[in-house]
Amino acid sequence: MQAGKPILYSYFRSSCSWRVRIALALKGIDYETVPINLIKDGGQQNLSVLKQVGEEMQLTWAQNAITCGFNALEQILQSTAGIYCVGDEVTMADLCLVPQVANAERFKVDLTPYPTISSINKRLLVLEAFQVSHPCRQPDTPTELRA
């Protein structure tokens, strides 16, 4: 690898890539993006769980998985939250929260039962690191999904 900018192999909608983009932005680390399409031609990487679930069950599976996690997280946040998930400083928990809330919205999960998750998410989304790393602003984002 050539000295210089780190390389992030990324897919615009990948929650894993999004967490890394947020961390890099928070730390002010410039990087080069190499897009990897997770769905084109069967995928350049594995979406193994979604493939195993099958297309007809993906929505139900995702909703159940997200709801289960959010039920537990909403309770935990009652004792840990300040402005963000753990007090008033951005932590790894916040880097994980924002992409998962976006997944919840994508899979049509009702967020009404999760007021703490929703309010923290709104506060995080106004921070620059979360805005510049958002999937709608990535080089490989399809035109119809761009901000």
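The values are calculated or read from the model by the stated rules, or taken from the named source; none is laboratory data. Just so it is clear, the model here is predicted, and its values are computed rather than measured. Cβ coordinates were reconstructed from backbone atoms using ideal geometry, including for glycine residues, and neighbour counts include every protein chain displayed. Heavy atoms of the whole protein, side chains included, go into the accessibility calculation; ligands, DNA and RNA do not. Shrake-Rupley method; radii C 1.70, N 1.55, O 1.52, S 1.80 Å.
Some notes on this structure:
- Cβ-Cβ under 6 Å pairs, at least 6 apart or on other chains, region 22-41 side of a type in the set (Val, Ile, Thr), far side surrounded by 12 or more Cβ atoms within 10 Å (Cβ to Cβ) and part of a loop (DSSP other than H, G, I, E, B): Ile22/Ser133; Ile36/Tyr11; Ile36/Gln44; Ile36/Gln45
- The set of residues in region 70-95 that are assigned to a helix (DSSP H, G or I) and either surrounded by 13 or more Cβ atoms within 10 Å (Cβ to Cβ) or among the small types (Gly, Ala, Ser) (or both) comprises Phe70, Ala72, Leu73, Glu74, Ile76, Leu77, Ser79, Thr80, Ala93, Asp94, Leu95.
Every residue, every condition in (1) under 20 Å from Arg13 (Cα atoms); (2) assigned to a helix (DSSP H, G or I); (3) at pLDDT 90 or above; (4) among the acidic types (Asp, Glu), yes or no:
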position	(1), (2), (3), (4)
Thr33	yes, no, yes, no
Leu97	yes, yes, yes, no
Lys108	yes, no, yes, no
Ile120	no, yes, yes, no
Phe130	yes, yes, yes, no
Cys136	yes, yes, yes, no
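- One residue stands out among those in region 1-36 that are under 18 Å from the mean Cα position of the chain (by Cα) and basic (Lys, Arg): the one that is surrounded by the most Cβ atoms within 10 Å (Cβ to Cβ), which is Arg21.
- Residues satisfying the criterion are absent from region 41-52 (criterion: assigned to a helix (DSSP H, G or I), open to solvent by 40 Å² or more (accessible area, probe 1.4 Å) and in contact with a strand residue (DSSP E or B) (Cβ under 9 Å, 6 or more places away or on another chain)).
Listed here are the residues, each with its yes/no results for (1) in contact with a His (Cβ under 8 Å, 6 or more places away or on another chain); (2) open to solvent by 20 Å² or more (accessible area, probe 1.4 Å); (3) not hydroxyl-bearing (Ser, Thr, Tyr).
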| site | (1), (2), (3) |
| --- | --- |
| Pro113 | no, yes, yes |
| Ser118 | no, yes, no |
| Asn121 | no, no, yes |
| Leu127 | no, yes, yes |
| Ser133 | no, no, no |
| Pro142 | no, yes, yes |
| Leu145 | no, yes, yes |
